[in-house]
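Notes follow the structure.
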Amino acid sequence: MPQRSNLHQALGLIGWLAIVFVAAAAGAIASVDAASFYRRLALPDWAPPASAFGPVWSALYTLMGVAMWLVWRERSAGHLRLALGLFITQLCANALWSWLFFAWRNGAAAFMEVLILLALIVATLIVFWRINRLAGVLMVPYLAWVSLATALTWSVWQRNPAAL
């Protein structure tokens, strides 16, 4: 199979980063009011400050985009379609969580959805690892953060039944 040109590689990276940041923007639309809403909630002592979420998510979306680009570059990989499907599905689930929690303020649905997101991330990470180990490693911080977000979603929902 012929090698992809450097321009094609660069455009692929830009494309995957654009896709993940479009998903980020879709979630951000639902989160316009998130910082003030978050401050009004009863939070556990271990909850990150609202100011941490933007920088952490920016870094995670960048890592996700690079990971998908590394997988995309493996044209002959056996599980490439599965990897692509899982990645896009988990990205949509990621954006949906913000709508469920911040826009629609449905704690139960947000918690159930974040469990699904967590499972999708694990599946994506495993498939990525099989195709390109570095891509799998780049998904580990995302898995760790969403694990924290899962516990936080449960805790906040339980502490704030009237708000969620």
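Recomputing Cα extents along the principal axes in Å from the coordinates shown identifies the correct label among [x] 63, 41, 30; [y] 49, 31, 23; [z] 59, 25, 24 as [z]. Of the residues 84, 8, 110, the one whose Cα sits farthest towards the positive end of the charge dipole of region 1-137 is 8 (charges of +1 on Lys and Arg Cβ, -1 on Asp and Glu Cβ, taken about the Cα centre). The charge dipole of the chain, taken about the Cα centre with unit charges on the Cβ atoms of Lys, Arg (+1) and Asp, Glu (-1), comes to about 280 debye, rounded to the nearest 20. Sorting the segments 153-162, 36-45 by their mean number of nearby beta carbons within 10 angstrom, highest to lowest, gives 153-162, 36-45.
Taking Cα atoms only, the orientation of helix 107-131 departs from the longest principal axis of the chain by about 20 degrees. Here is the list for region 57-89: trypsin sites (Lys or Arg not before Pro) lying in DSSP coil, each with at most 10 other C-beta atoms within 10 angstrom of its C-beta, are 75.
Distance between the 7 Å Cα→Cβ label points at residue 115 and residue 22: 3.2 nm. Which of 46, 36, 68 sits farthest toward the positive end of the charge dipole of region 19-99, with +1 on the Cβ of Lys and Arg and -1 on the Cβ of Asp and Glu? It is 68, whose Cα lies furthest towards the positive end.
Since every read-out is calculated from the coordinates, none of them should be taken as a lab result. Model, not experiment: these values are computed from the prediction. Note that we place each Cβ from the backbone using ideal geometry, even for glycine, and neighbour counts take in every protein chain shown.
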